[in-house]
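Undergrad: Would you mind keeping the following structure in view while I ask a few things?
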Amino acid sequence: MDALKCDLLIVGGGAAGLRAAVAAVGVQPDLDIVVVSKVYPMRSHTVSAEGGTAAVLRDYDSHDLHCFDTIRGSDYLADQDAVELFVDTAPKEVLQLEHWGCPWSRDRDGRISVRAFGGMSVKRTVFASDKTGFHMLHSLFQHSLRFARIRRFDEWFVTSLLVDDGKCVGVTGLDLATGRIQPILAKSVMLCTGGGGKIFPFTTNGNIKTGDGMAMAYRAGAPLKDMEFVQYHPTGLPGTGILITEASRGEGGYLFNREGERFLERYIPGKMELGPRDILSRAIISERQAGRAFEDRHGEYVHLDLTHLGEKVINEKLPFVRELASKYVGIDPVYQPIPVRPVVHYMMGGVSTANDGSTPLEGLYAAGEVACVTINGANRLGSNSLTECLVFGGFAGEAAARHAQSTGLVDSGRVRAAARKEEQRIEQGFLHREDGTERISGLRGEMQTAMEKGCGVYRTRDSLLETTRELAELRERFADVRIDDRGKVFNTDLVAALELDFMLDVARCIAGAALTREESRGAQARVDFPERDDEQFLHHQLSLISEEGPRLETQPVTITRWAPEERKY
Amino acid sequence: MNKIDITVIRYDPENSPAPFEQTYTIPYDDEMVVLDGLNYIKDHVDGSLSYRWSCRMGVCGSCGMMVNGEAKLTCAVFLKDYPQGVQVGPLDHFPVIRDLVIEMDDFMDKLRAVKPWMIREQEKPVEEGEYLQSPEELQLFRQFSMCINCALCYAACPVYAADQTFIGPAAIALAHRYDMDSREEGQDQRAKVIGSHEGIWECSFVGECSVVCPKHVDPAAAIQRSKVQLTKDHILGMLWPWGKS
């Protein structure tokens, strides 16, 4: 079994991974960097981000205001030292990306434009029309191409982290084109694999968002933090879950119920459509429960009305919204309101990291949605996540590069044996087994239903216990999974099985952490514990692997200058 | 529910040297795109069918295939528009790895060859702020920055079909995107790459690339404008060999 080797291995080629790779080149130009991804980098899910990326660029804005908005939005669960570092670094990163060619939208005077966004007190969200993530990703990817020292292993699926003597020393990767499973040894390993929206049935996330990095870190003994917090975006298209960007409200769109009311008046009159996502998603569900939503065969929904913005504004600022609504629901938003409903969008939780992206597992780093620093706490503000990829992707890339400079490659018999064992697990457990009966899609569908039913927007002790029980049963049945495809070459059936394997672990962590947090905070809404309880729960929860499933520990929240107070808008 | 026949041109290099057709009859409704049909097959009928996809909203660029002989993003075309049944195959003009999965190496190499990054003689420090750019200046290249790298234009290009060394529509559009950017100074370097191969001169005004482009990038316009620029540079180079104005 041959081993591939490098200094720094970055798993994932989205915004965080590519930013990290470029940052690592800055630390040492001849560092041997490999970006390994299960897709070509420009397919990474960063590409689907629409609305924008936040940074303090205007005189009317301030460091403290962006910090406060983020911390209040997080329902006081963000670590405030991380938030301060984030807000401090954000403008430099946005300008850096401009220097690398990103086509940010511009004001008449040639400066980078900013727009309003939910939970942000002032206009501070930088954007590239309504394809911000697409342009950021392509700009970063194209910029990365100039560095010969950034090697890419495109379409390699990483299946596990290799750990030796308490250190992460590499990964095992499945080369999709050949079916070969090989160790890739590295002095530093960094996870930039994004979130896991596909754990739920209705999500804005692409098919590739299956929580791979979170599950691999968890299995390797690294703690996952704040996993209970799953963000529902208020405005997805019914049926498909396609994202209709928050920028449509930032540019002035209204939400209406069936009775023609701007119903947010009842819930968040001070912010209305520019309220944070957790509150708006719950407001829409309350309208449904009160019988004031529209209904069709895809379920209940409300209206997002842009018609008063006019064709010119929509074409200039929201052309992708117009394209998506026209194509996928047959609605032209210039003339008709768009049907929308809350949809799983983002995971606040992830691999627990320090501000430099390091994890408690030596040699392992993480940044982006897969990581939990945390600037997002219990609820992320829209347009903070793309900036987070840049800021903490950069820091983590530098820290991982410096770590690689200070340590040697571990290529021992033990590591090789661990890699061979992983190869056997995949070949004997999946590829060559003849007796499986459970279809991947069947198990996946049942997992998604169990998560939405018991661990969705509203949760109770009973619903979470039921979901946990169902997940345990699905885990048992997964042992009997069948794959149709026995081939080695580009076996997407095998990949789907391994992804489901990952998702089942991450789902267990989400439900487990939601159960022990007996309060409502940010995206966690417990019907049986409707109030925030700082006395007992102003802390993070860490999920650690154990025989019986995730074991929970607590970790204090870092408070610097903003004492927790009631979250009012 | 209505039923539809989806015929897939498959290829399984481990078991059969030649491609073969396989037809699946599946239920469908008016909202299903061709990709949904493939997903139905994979989830419920035959898990061995291989293809790429992710975002299902026309922006990741993964799911380009030949649909009844035309290069399409399968997440952007609806089954209801093919009531007689639909044939799905891998993108033309690319080697096939497996079923609907094509080899992208050549395409990726070509993107890199045009130096798709900011080239400037002097870098301004980030601390000094952004390079100012007016909305009009942005408009000059914006369209060419919309390419999602789906490679449909290569599957439609008659020049690439005949000569795979041709750098091709998406790469030329990408070069043009940077050339037209007011912040940019690397036009000469890219001209060498694009002008060095006769492919660009062989490109007729057919414009198939722009017809199939799902994002209206119009690579054909980029190619024609590049030709004009290269010709102008060439003539100026003859008139003033010591340097262009």
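We did not get these values from a lab; they are worked out from the coordinates using the rules stated. On a predicted model such as this, the values are computed, not experimentally measured, just so you know. FYI the Cβ positions are ideal-geometry reconstructions off the backbone, even for glycines, and counts take in every protein chain you see.
Undergrad: Determine the sum of side-chain charges near A:D462: Lys and Arg each +1, Asp and Glu each -1, restricted to other residues whose C-beta is under 14 angstrom from that of A:D462.
TA: With Lys, Arg at +1 and Asp, Glu at -1, the neighbours total +1.
Undergrad: Another one. Would you please report the Å³ per residue occupied by the convex hull of the alpha carbon atoms in the protein assembly as shown?
TA: 160 Å³
Undergrad: Taking 30 Å as R0, compute the FRET efficiency from the Cβ-Cβ separation of A:V122 and A:R146 and round it to 0.05. Provide the component values of the computation, followed by the final result.
TA: On the way: r = 36 Å, r/R0 = 1.19.
Using R0 = 30 Å, I get an efficiency of 0.25.
Undergrad: Could you derive backbone 3J(HN,Hα) for segment A:172-181 from the dihedral phi with the Karplus parameters 6.51, -1.76 and 1.60 (θ = phi - 60°), listing whole Hz in sequence and x where the residue is Gly or Pro?
TA: Rounded to whole hertz, the list is 9, x, 9, 7, 4, 5, 10, x, 6, 10.
Undergrad: Okay, next question. In whole Å, what are the extents of segment A:87-176 along the principal axes defined by its C-alpha atoms, from largest to smallest?
TA: Largest to smallest, the principal-axis extents are 54, 31, 23 Å.
Undergrad: State whether segment A:2-66 is rounded, prolate or oblate according to the following rule on the C-alpha gyration tensor (a ≥ b ≥ c being the square roots of its eigenvalues): a/c under 1.5 gives rounded; otherwise a/b larger than b/c gives prolate, and the remaining case gives oblate.
TA: Oblate is the answer for segment A:2-66, as a/c is 1.5 or above yet b/c matches or exceeds a/b.
Undergrad: To continue, here is another question. Dipole size in debye (nearest 20) for segment A:415-530 around its Cα centre, Lys and Arg Cβ +1, Asp and Glu Cβ -1? Walk me through the numbers before you get to the answer.
TA: Details: 20 positive and 23 negative charges, 73 e Å.
Around 340 debye, computed over segment A:415-530.
Undergrad: In deg cm²/dmol, rounded to 500, what helix-only [θ] at 222 nm does chain B give when every DSSP H run of at least 4 residues adds -39500 (n - 2.57) and the total is split over its residues?
TA: -9500 deg cm²/dmol
Undergrad: For Cα pairs less than 8 Å apart in space and 6+ apart in sequence, what is the mean separation divided by the residue count of segment A:415-530, i.e. the relative contact order in percent?
TA: 33 percent
Undergrad: On to the next question. Let me make sure I get this right: for segment A:410-557, a, b and c are the square roots of the gyration tensor eigenvalues over alpha carbons, sorted descending. Under 1.5 in a/c it's rounded, otherwise prolate if a/b > b/c, else oblate. Which is it?
TA: On the way: a/c = 3.16, a/b = 1.69, b/c = 1.87.
Cα axes put segment A:410-557 in the oblate bin.
Undergrad: Given segment B:110-228, what whole percent of its Cα pairs are spread farther than 17 Å?
TA: So the portion of pairs separated by more than 17 Å is 55 percent.
Undergrad: Please tell me which of these pairs span more than 31 angstrom C-alpha to C-alpha: A:K421/A:K453; A:K225/A:K317; A:K198/A:K488; A:K317/B:K42?
TA: A:K421/A:K453; A:K225/A:K317; A:K317/B:K42
Undergrad: Next question. Show me, for segment B:127-137, the HN-Hα J-couplings you get by feeding each phi into the Karplus relation (A = 6.51, B = -1.76, C = 1.60, θ = phi - 60°), rounded to Hz, glycine and proline as x.
TA: With coefficients 6.51, -1.76 and 1.60, one gets 4, 7, x, 7, 6, 5, 8, 6, x, 5, 5 Hz.
Undergrad: For segment A:234-343, with only Lys/Arg (+1) and Asp/Glu (-1) charged at the beta-carbon, what is the dipole magnitude about the Cα centre, in debye rounded to 20?
TA: Values: 15 positive and 16 negative charges, 41 e Å.
Here the size comes out at about 200 debye.
Undergrad: Roughly how many Å is it from the Cα centre of segment A:341-388 to that of segment A:72-127, as a whole number?
TA: Spelled out, the Cα-based centre of one part sits 17 Å from the other.
Undergrad: Please report the relative contact order for chain A, taking Cα pairs under 8 Å with a sequence separation of at least 6, and give it as a percent rounded to a whole number.
TA: Reported relative contact order: 22 percent.
Undergrad: In debye to the nearest 20, how big a dipole does chain A give about its Cα centre with +1 on each Lys and Arg Cβ and -1 on each Asp and Glu Cβ?
TA: Once rounded to the nearest 20, the dipole reads 980 debye.
Undergrad: Can you find, among A:P238, A:W100, A:V410, the residue sitting farthest towards the positive end of the charge dipole of chain A, where Lys and Arg contribute +1 and Asp and Glu -1 at Cβ?
TA: Of the listed residues, the answer is A:W100.
Undergrad: Would you mind checking A:K327/B:K72; A:K327/B:K215; B:K192/B:K227; A:K5/B:K110; B:K110/B:K192; A:K209/A:K327 for any pair whose Cα atoms are more than 18 angstrom apart?
TA: With Cα atoms farther than 18 Å apart: A:K5/B:K110; A:K209/A:K327.
Undergrad: Of the residues B:E136, B:E198, B:E21, which exhibits the maximal mean-square fluctuation in a Gaussian network model of chain B defined by a 10 Å Cα contact cut-off?
TA: Residue with maximal mean-square fluctuation among B:E136, B:E198, B:E21: B:E136.
Undergrad: Give me A:C509, B:C209 ranked fewest to most by other Cβ atoms within 10 Å of their Cβ, as a rough exposure proxy.
TA: Lowest count first: A:C509, B:C209.
Undergrad: Moving to a separate point now. Could you work out the helix-only [θ] at 222 nm for chain A, with each DSSP H run of four or more residues adding -39,500 (n - 2.57) and the total divided by the number of residues, to the nearest 500 deg cm²/dmol?
TA: Rounded to the nearest 500, the figure is -11500 deg cm²/dmol.
Undergrad: Given the peptides B:14-20, A:267-273, arrange them by the average over their residues of other C-beta atoms within 10 Å, most packed first.
TA: Descending packing order for the listed peptides: A:267-273, B:14-20.
Undergrad: With N denoting the number of residues in chain B, provide Rg(C-alpha) divided by 2.2 N^0.38 Å, to two decimal places.
TA: Details: Rg = 21.1 Å, N = 245, 2.2 N^0.38 = 17.8 Å.
This ratio for chain B stands at 1.19.
Undergrad: Once Lys and Arg get +1 and Asp and Glu get -1 on their Cβ, which of A:A523, A:F490, A:H432 lies farthest toward the positive end of the dipole of segment A:415-530?
TA: After comparing all options, I get A:A523.
Undergrad: Using only the alpha carbons of segment A:240-397, determine the length spanned along each of the three principal axes and report them from longest to shortest in whole angstroms.
TA: Here the Cα extents, ordered largest to smallest, are 56, 35, 32 Å.
Undergrad: Still on this structure: Ranked highest first by average number of other Cβ atoms within 10 Å, how do A:34-40, B:82-88, A:89-95 line up?
TA: Final packing ranking: A:34-40, A:89-95, B:82-88.
Undergrad: What is the Cα centroid distance between segment A:1-69 and segment B:84-134, reported in whole angstrom?
TA: Going from one Cα centre to the other spans 18 Å.
Undergrad: Quick check: Cα centre of segment A:195-264 to Cα centre of segment A:440-504, how many Å?
TA: After rounding, the separation between the Cα centres reads 19 Å.
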